[in-house]
Structures are given as structure tokens and as C-alpha cells.
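Read the structure below first, then the notes.
The values are calculated or read from the model by the stated rules, or taken from the named source; none is laboratory data. Please read these numbers as outputs of a predicted model, since none were measured by experiment. For neighbour counting, all protein chains shown are included, and Cβ atoms are generated from backbone atoms with ideal geometry for every residue, glycine included. Heavy atoms of the whole protein, side chains included, go into the accessibility calculation; ligands, DNA and RNA do not. Shrake-Rupley method; radii C 1.70, N 1.55, O 1.52, S 1.80 Å.
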Amino acid sequence: MRHALAALAAAALLAPTATPAAEGKGKTEITWYGHAAFTVKTPGGTVLAIDPWFGNPKSPDPKAAETLPKVDYILVTHGHFDHVGDAVALGTRTGAQLITNFDLGKALVAAGYPEAQAGFATLGNIGGAIQAGDATVIMVPAVHSSGFASEKTGERGGGNPMGFVIQVKGGPVVYHTGDTDVTMDMKQIPERYGAVDVMLACIGGHFTMDPKGAALAAGYVKARTVVPMHFQTFPVIPGTPDELTAALKGKAKVRVLEPGKPASF
Ligand SMILES: [Zn+2]
């Protein structure tokens, strides 16, 4: 009887078939820290931190670089301060390997990132695929700029800006767009790496695509769920999730993450 009830309960849980198969596994945890900063925890326990600017105005935890218990890889899309953020401090404390383009990797090492954690194994460039525990991180194009500056290095080049496609083993395909406008290049993402289950998409406008652009991009990558980011951190990036929802016209689900609260995918 207990088994029958358990089977019924399981069937009830599985019932909403509108939820794509790759979601609902509930094993991959994505936490938004405001702006473009996220952590992704895979089913195997690998923790990736992306664009870790924990001091952003919408951050739930400005001291997260000092307190996050485990980070295995730090992914940085480009050299601007609002994306590099606390990468050096976080990498130094946690021992995380740095995944970014070669030039920005060298710049971050010059700024203090531990050199042994930023070698050929994890620095690459667009087209490269980096094995990161039970995830594969693919560097994809973004149309933006990527200058880097720090007290130690002064101003220097930060290589090509990029986005990341993260194929989680036994979990979703996650795409962090970085800062970019819509590009035709996005159309190759589902063709080469699989339809995107979770698109972490900049929607603020001014420096990046706006909500209408993000909706178009979501179609290009065949996104099932769009998580908006990089909006309203400052008045100059005014796009809203409601505008994104309207522009998508039901073609993908919008899921607004609550900063600091892990969401399952
Ligand atoms: Zn930015």
C-alpha cells in the first residue's frame, strides 16, 4: 500500500508535463546575487561562480566573496568592473580555477589572481570548451567591449567579451549571455550545444540588449526559461522583466530569481 501511495504521489509530482524534462530534475541550483552575478551548483556538487560582483547595489550579500563555503570555478565574461567584481579575492580564498579568455586571465593574474589557478587548462577563447567537474563550459561570442583596469595593472585590454554555455551533466543547458546585443551567432548555440533550458539574459538596455532584444535572442537559442539579469542595477539600464514577458509572447517562461535564494532547475 505504501508503495502504491508513493507511486501515486510520484505520478502526481510528474503530472505537469508542460515542464520541460531538463527542468524539474531539481538537482541544479542557481543563485542570483544581483546584476550579472550567479552561482551554479551542479548535481555532482561542482560550484561555478559567474561574474562575481557581490558588491552590486542589488546584492543580497556584499560579503559573499568572504563567506561562500566552496567555489570550484570562477567564470568571467569580460573585463568590466561590474563583471570581474570580487574574482581575485574569491579565487584567492577558495582556490577556484579561473575560466575566461586568455587575455583577461593574464590581466587578472597581474591584478593578483593566483597564477596556478589560471593556466592553460581553464583559460581559452571563443569556441573553447572547458571541463569543469560535471559541467562543460563553452565560451561563445558576445558583442560588447572588455577593457580591464585595476590599481595594480592600470588600464589594459581584457580580450574578447564572451558568454558561457554550461552543459550540466544530468541537468540543464544554461546560457549566461554576458553583456551583449542580440547576434545572429546565437542561432548556432542550440544547433551545436543543445536547446537552452535556462537563459540568464541581460535585459537592461543601454549597454546591452533590452527586453525586446532579449526576447528575440531567446527565440534564437530556443530558450525554455529566461532568467532576466543586468537590469535596474543603475537607472541607466531600465529594462524590466514585465517588458520581457510581454515581448516573449508566451514563447518562453520568465523566471525572476530572488537574489540570494537558490532556485532549482
Ligand atoms: Zn555589465
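With helices as the sole contributors, the chain gives -6000 deg cm²/dmol at 222 nm; each DSSP H run of n ≥ 4 counts as -39500 (n - 2.57), and the sum is divided by every residue. Could you list which residues have their amide H under 5 Å from that of THR233, counting only those 5 or more apart in sequence or on another chain, with H placed in the peptide plane? Under 5 Å from the amide H of THR233 lies no amide H from a residue far enough along the sequence or on another chain. Expressed as a whole percent, the accessible area of region 172-239 that falls on carbon and sulfur atoms is 54 (1.4 Å probe).
Charges were assigned to the Cβ only: +1 to each Lys and Arg, -1 to each Asp and Glu. The resulting dipole of the chain about its Cα centre is roughly 820 debye.
For region 116-265, the number of Lys pairs separated by eight or more positions or lying on different chains, with C-alpha atoms closer than 18 Å, is 10.
In this entry, the chain is assigned a mean projected area of 14.2 nm², taken as a quarter of its C-alpha convex hull surface. Taking every DSSP beta bridge that has both ends in the chain, the antiparallel portion is near 60%. When only the Cβ of Lys, Arg, Asp and Glu is charged (+1, +1, -1, -1), the dipole of region 211-265 relative to its Cα centre reaches about 300 debye. When a 1.4 Å probe is rolled over the protein heavy atoms, the share of accessible surface on region 18-129 that falls to carbon and sulfur comes to 55 percent. Evaluating 6.51 cos²θ - 1.76 cosθ + 1.60 at θ = phi - 60° for every residue in region 140-157, the Karplus couplings come out as 10, x, 9, 9, 6, 10, 8, x, 10, 8, 8, 4, 6, 9, x, 7, 8, x Hz, glycine and proline recorded as x. Classify region 159-265: rounded, prolate or oblate, from the alpha-carbon gyration tensor (a ≥ b ≥ c, eigenvalue square roots; a/c under 1.5 rounded; otherwise prolate if a/b is larger than b/c)? Judged from the Cα gyration tensor, region 159-265 comes out rounded (a/c under 1.5). Calculate log10 I(q)/I(0) of region 77-159 for q = 0.16, 0.20, 0.21, 0.25 Å⁻¹, where I(q) comes from the Debye formula with a single equal point scatterer on each Cα and nothing for solvent. For region 77-159 at q = 0.16, 0.20, 0.21, 0.25 Å⁻¹, log10 I(q)/I(0) is -0.56, -0.89, -0.98, -1.34. Shown for the chain are the DSSP H helices of 15 Å or more along their axis, judged by Cα atoms, with a mean Kyte-Doolittle hydropathy of at least -1.0: 2-14. Computed from phi, the 3J(HN,Hα) profile of region 62-72 under the Karplus parametrisation 6.51, -1.76, 1.60 (θ = phi - 60°) reads x, 9, 4, 4, 8, 10, 4, x, 8, 9, 9 Hz, with x in place of Gly and Pro. Residue separation of GLU191 and ARG255 scaled by 0.36 nm, minus their Cα-Cα distance, works out to 20.6 nm of gained length. For the residues LYS106, LYS27, a 1.4 Å probe over the protein chains yields an accessible-area ranking, largest first, of LYS27, LYS106.
The residues of the chain expose, per residue, 44 Å² of accessible area to a 1.4 Å probe.
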